[in-house]
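Structure record follows, encoded as structure tokens.
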Amino acid sequence: MPRGKRGGRVSALEGGGEEEAPSAAAAVPSAPWAFPQPPEAAAEQVLLRGIFEIGRNSCDVVLSERTLRWRPIQPVRPAGFSNRPKSLKIFLNPQSHKKEATQVYYEKVEPLLKITGIKTDVIITEYEGHALSLLKECELQGFDGIVCVGGDGSASEVAHALLLRAQRNAGMETDNILTPVRAQLPLGLIPAGSTNVLAHSLHGIPHVVTATLHIILGHLQPVDVCTFSATGKLLRFGFSAMFGFGGRTLALAEKHRWMSPNQRRDFAVIKALAQLKPEDCEISFLPFNSSQDLQQRRARGSPKSDCNDRWQMIQGQFLNVSIMAIPCLCSVAPRGLAPNTRLNNGSMALIIARNTSRPEFIKHLKRYASVKNQFNFPFVETYTVEEVKVYPRNKTGGRHPEEEDQPHETVSEESFPWNVDGDLMEAASEVHVKLHPRLISLYGGSLEEMNDSKVTCNCL
């Protein structure tokens, strides 16, 4: 096959070599592209030069007045691609969004993985928690990474499973983890859900091919992760959470799974707004301190008093509490639910909406879809933190008076609904959220680097 305008097949030639050139009458002008000339040909006039396929090798072929020379081209690994995977274990959730994940994978993702020579082992999950149970015991030796094809819930489940497995492999108790160890394999996210917050925050766009190419090229991005615990026991790992309006909205949506994703989301939001009421809470938080000396002291296990002196506490009636370690970009919030947060800056955004009127709260929600500052309201407070403790003081489980006589299918009476990465988490007591810097690596690029750099061409 030709390798350029003047390329062609030289089937009789194998390996590097030299032959007498044809007569000068057959000479053609030199090629317009610039290749480094072999030293022995530097003194001779080059008549033609190009890339030809000789056997199965691409060769640099030089035709001079006297000789025809060729040598195989040695492939050079592009800088920064040392993490390109050769084998991937893939978890595919066929129930994500409109049940399109299977089609997305086999039509858009698999062909790209095949042409780049990446081996795959595809597992189609059959129920919620299936990936978690499989990743506890399945063989991962020989795989360079894990890929999840699905929505935020699926991606969060796989990330949680990878981190739990890392703790067990390190011989740590998984009920009470103070300093978790990093996940041992990177995770790739193929967006096939309804919101795709994780993939959108990672790539800047929820685009399947973009996500696939980041995996193929081995672009790795370390990402901060939170632990959620109650009464000293680990509940789960996660990237973001909402309590109050955000948690109750998800609880309502989960009760109406028979609806389409968009209908279910809109219905849940409208009903949650109609039943809007605040939670009586006490919130303690540890403000973020970027002091290198303080970070080093904490890493060495400094006395508790070093941190206890910095804890702050607020209490009152709150409509919504958001705790986010990533910017949480999505279609309804193109700037992000937490636009000032980055993927790995060692801090979380704590966003609190105090009690206010329904119209004012709706104005706040609408601002997320605009370019205006969604936090520019007197009832909204924002903090940059390292740890948060949320203690609900009312024991109604977040239930509205209109629901007291109705069966509650999702959330029990004495528990409060949390939305953790699109998954419903129930907690009956104080929840402690702690950030752990760069705990997992995801396949993706840095948004800051992509925004600041000029457009370049990267070849596979």
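Structural remarks
- Qualifying residue in region 103-110 (condition: at positive phi and open to solvent by 30 Å² or more (accessible area, probe 1.4 Å)): no
- Output for region 413-437, where each listed residue is assigned to a strand (DSSP E or B) and either under 11 Å from Ala325 (Cβ atoms) or small (Gly, Ala, Ser) (or both): Ala427, Val433, Lys434, Leu435, His436, Pro437
- Residue check for Lys271: free of Cβ contacts under 8 Å to residues at least 24 places away in the same chain and either touching a Gly at 6+ places or on another chain (Cβ under 9 Å) or not aliphatic (A, V, I, L, M) (or both): yes
- If the condition is being under 23 Å from Asn196 (Cβ atoms) and under 17 Å from the mean Cα position of the chain (by Cα), then region 341-359 contributes Thr341, Arg342, Leu343, Asn344, Asn345, Met348.
- Looking across region 417-435, just one residue is on the phi > 0 side of the Ramachandran plot and either of a type in the set (A, V, I, L, M) or at pLDDT 90 or above (or both), and that is Asp421.
- Test: residue in region 395-416 that is of a type in the set (A, V, I, L, M), at pLDDT below 95 and either in contact with a His (Cβ under 9 Å, 6 or more places away or on another chain) or open to solvent by less than 60 Å² (accessible area, probe 1.4 Å) (or both): yes
- Selection over region 176-202 of residues that are over 20 Å from Cys226 (Cα atoms) and crowded, with 24+ Cβ neighbours inside 10 Å gives a count of 4.
The values are calculated or read from the model by the stated rules, or taken from the named source; none is laboratory data. Just so it is clear, the model here is predicted, and its values are computed rather than measured. Cβ sites come from the backbone with ideal geometry, for glycine too, and all protein chains shown count toward neighbours. Heads up: the accessible areas ignore ligands, DNA and RNA and are worked out on the full protein's heavy atoms, side chains in. Shrake-Rupley method; radii C 1.70, N 1.55, O 1.52, S 1.80 Å.
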